[in-house]
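Each remark here refers to the structure printed beneath this line.
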Amino acid sequence: MPLLYPVVDVRLDGRMEHVEAELFTDGGNNAVVRLPPRSPGVLIQGDSLSIIHSEVAEVIEACDQGDLPGAREIAGLLLVDLDALLARYTTALDAHNIPRPY
C-alpha cells in the first residue's frame, strides 16, 4: 500500500491547491507518485530536470557540429539514466499491481 500524503501544494492557474498524493517509492531525486485522478507518474526534482535538459542540449549541439559519435555517447548516457527512471517507475507499479498506462 502506498503512503498517503494528505496535503500537497499544486499550482493551478496561479493559485495553490491542496490535494492528496500517494507516494509509491521513497523520495530521493525522483519519486513515483499519484495525484488523483491521474495514473501514477514520476516527480523529478528541479535540479535533476535541469541536468536532463542540459544533456539533451548537448546532444543537439553535438549534432549541429557534426559530432555524431559525441552525440551518440551523450544520448547513450541519457538513455541509461532514463532506463533507470523507467525501471523504478515500472517496479513501483508492479509492486502495487497497477497496470502500466502505456
Notebook entry, point to check: Quick one, which of (i) 48; (ii) 54; (iii) 34 is the actual percent of Cα pairs over 21 Å apart calculated for this model?
Noted result: (i)
Notebook entry, point to check: Non-local amide H neighbours of THR25 (under 5 Å, H modeled in plane, Pro and chain starts lacking H): which ones?
Noted result: VAL32
Check: Along segment 92-102, what does the Karplus equation 6.51 cos²θ - 1.76 cosθ + 1.60 (θ = phi - 60°) give for ³J(HN,Hα), rounded to whole Hz, x for Gly and Pro?
Finding: 5, 5, 4, 5, 10, 6, 9, x, 5, x, 9
Next item on the list: Work out the length of the dipole vector of segment 62-102 about its Cα centre, built from +1 on the beta-carbon of each Lys and Arg and -1 on the beta-carbon of each Asp and Glu, and round it to the nearest 20 debye.
Entry: 240
Margin query: In whole Hz and in residue order, list the ³J(HN,Hα) couplings for segment 66-74 that follow from phi through the Karplus curve 6.51 cos²θ - 1.76 cosθ + 1.60, θ = phi - 60°; x for Gly and Pro.
Written below: x, 8, 5, x, x, 4, 4, 5, 5
Checklist line | Contact order normalised by residue count of segment 22-89, Cα under 8 Å, 6+ apart, percent | finding: 22
Notebook entry, point to check: Quick one: helix 46-64 against the long Cα principal axis of the chain, what's the angle to the nearest 10°, folded into 0 to 90?
Noted result: 30
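Computed from the coordinates by the stated procedures, all read-outs in this text should not be read as laboratory data. Everything quoted here is computed from the prediction, not taken from an experiment. Note: ideal-geometry Cβ built from the backbone for every residue, glycine included; neighbour counts use all protein chains shown.
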